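What follows is a short report on a single structure.
Every number in this text was worked out from the coordinates using simple rules, so none of it is lab data. Computed from a prediction, not measured in an experiment: that's the story for all the values here. Quick reminder, even Gly has a Cβ in these numbers, built from the backbone with ideal geometry, and neighbours come from all protein chains shown.
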Amino acid sequence: MIAINTETRMIGLLGYPLKHSYSPSMQNAAFRKMGLNIIYMPIEVSEENLGDVIKGISKMNFDGFNVTIPHKVNVIKYLDEVDELAEKIGAVNVVAIQGGRLKGYNTDGQGFLKSFEVGTGESAENKSILIIGSGGASRAISMTMAVSGAKNIYICNRTIEKAVELAEDINKKTGRSQIASALKYSGLKEILAGIDILINTTSIGMHPDTDALPIEKELLHKELIVCDIVYNPLKTKLLKEAQKVGCQTLTGISMLVYQGAEAFRIWTGQAPPIETMFASIERLISTK
Ligand code: NAP
């Protein structure tokens, strides 16, 4: 147990609401494991108070903070600097404070990529990727996969206009004019045979509607690596169906852990204790 004293450093989590966040348990377990005198603190903050809270934090003994819904985009205007990938994604979920300066990062996409590389032994390079959904998580993942050498990225979304907008943004910001394209659900059948990686970034299949599938199971084939970023339940219906077909699969918990692990690395400069972070989240989900 680490004593709180005048040397204690702090890391915040700014968002609203925060009741269901796993990050405080995961990060505090990691700091304890590494014997670091750092405390991770949830701070519920409304839109109108965000600027004042950040200003206060920057004058205190904070080394940084996480940013979550609904502030990932709005936070940018309060920062001194934003790293290149976060700039492309257009959202920040990690801020580091050094010498009073605030620098923003986005570890959601990197967290997914790292979990993908570790979990499957594969990389994004030269892969054809199908992403279902075009919300915040999809934006981070698709932009990261695009800058990491993916061959092409199809974005399929219920609201097709949002998929078109995201695909255009990726093409513009990566300077690879044909890398991303939007796709309607009706077009899935035609392209799936040529897809290497399928990623569900919608909330379909999430508790309590655990029987729902983001894509018809008949469309799955065994050459696909199927990833679901939904982490409650730990193994979604999509992953179960994919395993029946013989696909390699990746659960959402690994993205959750690795986005936190990348944040830990940014704040502390140390290698994160991955196993401790996994165990902390698995404990929380299994008791839900
Ligand atoms: P978001 O910005 O609200 O986006 C939600 C996406 O899901 C949109 O594309 C939306 O389509 C689609 N969608 C929702 N319900 C749908 C339905 N019934 N049928 C078809 N499409 C539907 O949310 P987000 O922040 O990207 O998060 C999405 C999911 O990822 C959540 O379950 C979240 O818990 C999970 N997540 C996991 C991690 C992790 O670390 N594993 C990280 C972030 C998020 P429309 O545009 O048509 O509304």
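Between GLU84 and ASP211, the modelled labels are 4.9 nm apart [label points 7 Å from Cα along Cα→Cβ]. For segment 127-143 versus segment 218-250, the spacing of their alpha-carbon centroids is 16 Å.
Residues in segment 211-220 carry Karplus couplings, in order, of 8, 7, 10, x, 8, 4, 5, 5, 7, 6 Hz; the curve used is 6.51 cos²θ - 1.76 cosθ + 1.60 with θ = phi - 60°, and Gly or Pro positions show x. Across segment 75-82, computed HN-Hα scalar couplings (Karplus, 6.51 cos²θ - 1.76 cosθ + 1.60, θ = phi - 60°) run 4, 4, 5, 9, 9, 7, 7, 10 Hz from first to last residue, x flagging Gly and Pro. Here is how the number arises for the chain: DSSP H runs of 4 or more residues each give -39500 (n - 2.57), the sum is divided by the residue count, and the result at 222 nm is -11500 deg cm²/dmol.
Computed from label points 7 Å out along Cα-Cβ, the spacing between GLU117 and ARG32 is 3.1 nm. Quick check: residue separation of LEU284 and TYR185 times 0.36 nm, minus the Cα distance between them. What number comes out in nm? Stretched out fully, the LEU284 to TYR185 stretch lengthens by 32.2 nm. Straight-distance candidates among the aspartates and glutamates for linking to LYS237, with alpha-carbon spacing under 12 Å and chain neighbours fewer than 8 residues away dropped: ASP209, ASP211, GLU216, ASP228.
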